[in-house]
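The values are calculated or read from the model by the stated rules, or taken from the named source; none is laboratory data. The shown structure was predicted, so the numbers you read here are calculated from the model rather than taken from an experiment. Here the Cβ positions follow ideal geometry from the backbone for every residue, glycine too, while neighbour counts run over all protein chains shown.
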Amino acid sequence: LSRISTRIRRIKPSPSSAAADRFAVLRREGRDIVNLAIGEPDFDTPAHIRQAGCDAIERGETRYTPVAGTLELRQAIAAKLARENGLRYDPGEIIVTCGAKHALFNALSVTVEQGHEVIVPAPYWVSYPDMVLACDGAPVTVACREEDDFRLTPEALEAAITPATRWLVLNSPTNPTGTTYTTGQLRALADVLLRHPQVMVLLDDIYEHIRFDAAAPQHLLVVEPSLRDRTLVVNGVSKTYAMTGWRIGYAAGPKDIIAALDMLQSQSTSGVCSVSQAAAVVALNTEASFLPDWVALYRRRRDTAVRMLNEIPGIRARSPGGAFYLYPHCGGLIGKRTPAGKVLETDNDVVIHLLEAGGVMVLAGTAYGVSPYFRMSTATSVEQIEEGCRRIAKAVAELR
Ligand code: PLP
């Protein structure tokens, strides 16, 4: 009999963390691998933000903070939500968490009970379904189609909703497809949600600033302000400011949910690292003048990868509107045989072949809920992307 709870036995390790571990092992063995599985910006945290962390240490800001985060940080978040998103939240409607991941997990913990369904559009960020399972809920994945740019359609949303639906998780730009929504498309989803008042909306805006379309859409809560009382806005500084290791995320939403999150944190993690909070204040309160250059680079990388992948027979890649991932279709490689005689039956087999024969690491679509695809990160240099694509082409050319 296992000592581990059924709740935890239901979940599996995050494939992205597993890939990072595998990469480290191969590196130690001296293998030359191009890593296109990375889920974080390759830039350093900007100098003024790093300095803010050092300054906080020197000022002695090394003690416990309020559970919900320092007032300064919650004010900076409130100002950011007003300035960038047109949303009004006061600091009492905001909680600081250990990354957006923690906000999402805790939000599900304080609201989901056995029998509740959580709608997760697929391809999805790997953690959503497992988080739901760990909170005793039932993930209801809705497969979105490549011809719709992997967008959740109003029809598919309507069909997935039942009386037991607790949440819709909406992440855009989306990991792993880079899918973005226009204001009109958000309007259409809002119209469906208005018909189903039992459904709450968990918005994961973590990639909001990494987008290539000319104008960002209006925020869902600007499109439909009446959803505010059943929406939790989750965001953080990890991707926009290249601060993944600082672990600062946050949630803004209705007071009862924020109070429950505060209570859970008060009995589990307490407030987030004081030094990171001080750095995040400076990040949010200072103009992100580096961002246009970063986004231009992400765009160049995306264009390079899309062009090179589409030249490879058996692979088809769409050009996403945001984030730093591609989700190419690899159905043309399924059924082919490696020089060693192994038949590639799944996207997992494809990914293993690319790693073993090609020395390039990408992640299998199975982990993201829609196959046969793979996720390729473009959060690395153009040179690495070119080399990675050349290696993929070579490994594919060996197949018969
Ligand atoms: N949400 C999505 C869609 C992500 O891809 C990630 C990180 O990969 C996160 C949330 C987690 O962000 P954080 O570093 O703030 O926990």
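Among the residues of region 40-52, are any over 25 Å from the mean Cα position of the chain (by Cα), surrounded by 16 or more Cβ atoms within 10 Å (Cβ to Cβ) and in the same structural domain as Ala242 (by TED's automatic domain parsing)?
yes
Is there any pair linking a residue in region 240-259 that is under 22 Å from Tyr207 (Cα atoms) and in the same structural domain as Ala79 (by TED's automatic domain parsing) to one that is away from the ligand (no atom under 14 Å from the Cβ) and part of a strand (DSSP E or B), with Cβ under 7 Å and at least six apart or on different chains, and which?
Tyr250/Ile94; Ala252/Ile94; Gly253/Thr231
Can you name every residue in region 65-78 that is more than 23 Å from the chain's Cα centre (by Cα) and touching a residue at least 40 places away in the same chain (Cβ under 8 Å)? Show your work before the answer.
Step one: of region 65-78, the residues more than 23 Å from the chain's Cα centre (by Cα) are 65-67, 70-72, 75.
Correct list: Thr65, Pro66, Val67, Thr70, Glu72.
Is it fair to say Gln185 is polar (S, T, N, Q), part of a helix (DSSP H, G or I) and without any contact (Cβ under 8 Å) to a residue 60 or more places away in the chain?
On the way: polar (S, T, N, Q): yes; part of a helix (DSSP H, G or I): yes; without any contact (Cβ under 8 Å) to a residue 60 or more places away in the chain: yes.
Yes: the conditions hold for Gln185.
Take the residues of region 106-126 that are in a helix (DSSP H, G or I) and surrounded by fewer than 21 Cβ atoms within 10 Å (Cβ to Cβ): which is nearest to the ligand (Cβ to nearest atom)?
First, the residues of region 106-126 that are in a helix (DSSP H, G or I): 106-111.
From what's left, surrounded by fewer than 21 Cβ atoms within 10 Å (Cβ to Cβ): 109-111.
Working: Ser109: 15, Val110: 18, Thr111: 18 Å.
For region 106-126, the residue satisfying everything is Ser109.
Go through region 12-25 and give me each residue that's of a type outside the set (D, E, K, R) and either in contact (Cβ under 8 Å) with a residue 12 or more places away in the chain or not assigned by TED's automatic domain parsing to the domain that holds Ile352 (or both). Before the answer, list the steps.
Initially, region 12-25 is screened for residues of a type outside the set (D, E, K, R), giving 13-20, 23-25.
Once the filter is applied, which keeps residues that are of a type outside the set (D, E, K, R) and either in contact (Cβ under 8 Å) with a residue 12 or more places away in the chain or not assigned by TED's automatic domain parsing to the domain that holds Ile352 (or both), region 12-25 yields Ser14, Pro15, Ser16, Ala19, Ala20, Phe23.
Among all residue pairs at least 6 apart or on different chains, which show Cβ distances below 7 Å where the first residue, located in region 129-151, is among the acidic types (Asp, Glu) and the second is at pLDDT below 95 and surrounded by fewer than 18 Cβ atoms within 10 Å (Cβ to Cβ)?
Filtered contacts from region 129-151: Asp130/Ile11; Asp130/Lys12; Asp136/Arg7.
Out of region 357-380, which residues are surrounded by fewer than 24 Cβ atoms within 10 Å (Cβ to Cβ), of a type in the set (Ser, Thr, Tyr) and within 14 Å of Ala122 (Cβ to Cβ)?
Across region 357-380, the qualifying residues are Thr366, Ser371.
Can you tell me which of (1) assigned to a loop (DSSP other than H, G, I, E, B); (2) modelled with pLDDT of 95 or more; (3) among the small types (Gly, Ala, Ser); (4) away from the ligand (no atom under 16 Å from the Cβ) is the one Ala216 doesn't meet?
(2)
Pick out the one residue from Ser270, Ser238 that is closer than 20 Å to Phe105 by Cβ, assigned to a loop (DSSP other than H, G, I, E, B) and more than 16 Å from the ligand (Cβ to nearest atom). Let's see the steps before the verdict.
Details: Ser238 fails: more than 16 Å from the ligand (Cβ to nearest atom).
Checking each option against the conditions leaves just Ser270.
For region 242-256, check the following and say yes or no: at least one residue is more than 16 Å from the ligand (Cβ to nearest atom), in contact with a helix residue (DSSP H, G or I) (Cβ under 6 Å, 6 or more places away or on another chain) and not charged (D, E, K, R).
Yes: region 242-256 contains one or more residues that are more than 16 Å from the ligand (Cβ to nearest atom), in contact with a helix residue (DSSP H, G or I) (Cβ under 6 Å, 6 or more places away or on another chain) and not charged (D, E, K, R).
Quick one: Glu113 ticks every box in (1) farther than 30 Å from Ala164 by Cα; (2) over 23 Å from the mean Cα position of the chain (by Cα) bar one, so which box is it?
In the conditions (1) farther than 30 Å from Ala164 by Cα; (2) over 23 Å from the mean Cα position of the chain (by Cα), Glu113 misses (1) alone.
Of all residues in region 303-323, count the ones that are within 16 Å of the ligand (Cβ to nearest atom) and part of a helix (DSSP H, G or I). Step through it out loud before you land on a result.
Keep residues of region 303-323 that are within 16 Å of the ligand (Cβ to nearest atom), which gives 320-323.
From what is left, the residues that are part of a helix (DSSP H, G or I) are none.
Adding up the residues that qualify gives 0.
On the given criteria, is Leu227 closer than 30 Å to Ser276 by Cβ, surrounded by 16 or more Cβ atoms within 10 Å (Cβ to Cβ) and away from the ligand (no atom under 11 Å from the Cβ)? Don't jump to the end; show me each part of the working.
Details: closer than 30 Å to Ser276 by Cβ: no; surrounded by 16 or more Cβ atoms within 10 Å (Cβ to Cβ): yes; away from the ligand (no atom under 11 Å from the Cβ): yes.
In short, no.
Please specify each residue of region 60-81 satisfying the condition of being crowded, with 16+ Cβ neighbours inside 10 Å and under 25 Å from Leu220 (Cβ atoms).
Residues satisfying the conditions are Ala68, Gly69, Leu73, Arg74, Gln75, Ala76, Ile77, Ala78, Lys80, Leu81.
Could you tell me whether Leu202 is away from the ligand (no atom under 16 Å from the Cβ) and either among the basic types (Lys, Arg) or in contact with a helix residue (DSSP H, G or I) (Cβ under 7 Å, 6 or more places away or on another chain) (or both)?
no
In region 356-364, is there at least one residue being at pLDDT 95 or above and of a type in the set (Asp, Glu)?
Scanning region 356-364, I find no residue that is at pLDDT 95 or above and of a type in the set (Asp, Glu), so the answer is no.
List pairs: first residue in region 90-113 and acidic (Asp, Glu), second residue not in a strand (DSSP E or B) anywhere in the structure, Cβ distance under 7 angstrom, at least six positions apart or on different chains.
As it stands, the answer is Asp90/Ala78; Glu93/Gly253; Glu93/Lys255; Glu93/Ile258; Glu113/Asp136, since those pairs meet every condition given.
How about region 1-23: which of its residues are surrounded by 12 or more Cβ atoms within 10 Å (Cβ to Cβ) and hydrophobic (A, V, I, L, M, F, W, C)?
Across region 1-23, the qualifying residues are Ile11, Ala18, Ala19, Ala20, Phe23.
Kindly provide the set of residues from region 319-370 that are closer than 18 Å to Val306 by Cβ and small (Gly, Ala, Ser), ordered by number.
Matches in region 319-370: Ser319, Gly321, Gly322, Ala323, Gly331, Gly332, Gly365.
Give me the residue from region 82-105 that is outside any loop (DSSP other than H, G, I, E, B) and away from the ligand (no atom under 16 Å from the Cβ) and, out of that set, surrounded by the fewest Cβ atoms within 10 Å (Cβ to Cβ).
Let us first name the residues in region 82-105 that are outside any loop (DSSP other than H, G, I, E, B), namely 82-85, 91-97, 99-105.
Subset that is away from the ligand (no atom under 16 Å from the Cβ): 82-85, 91-93.
Details: Ala82: 12, Arg83: 10, Glu84: 17, Asn85: 20, Pro91: 19, Gly92: 14, Glu93: 23.
Per the criteria, the residue is Arg83.
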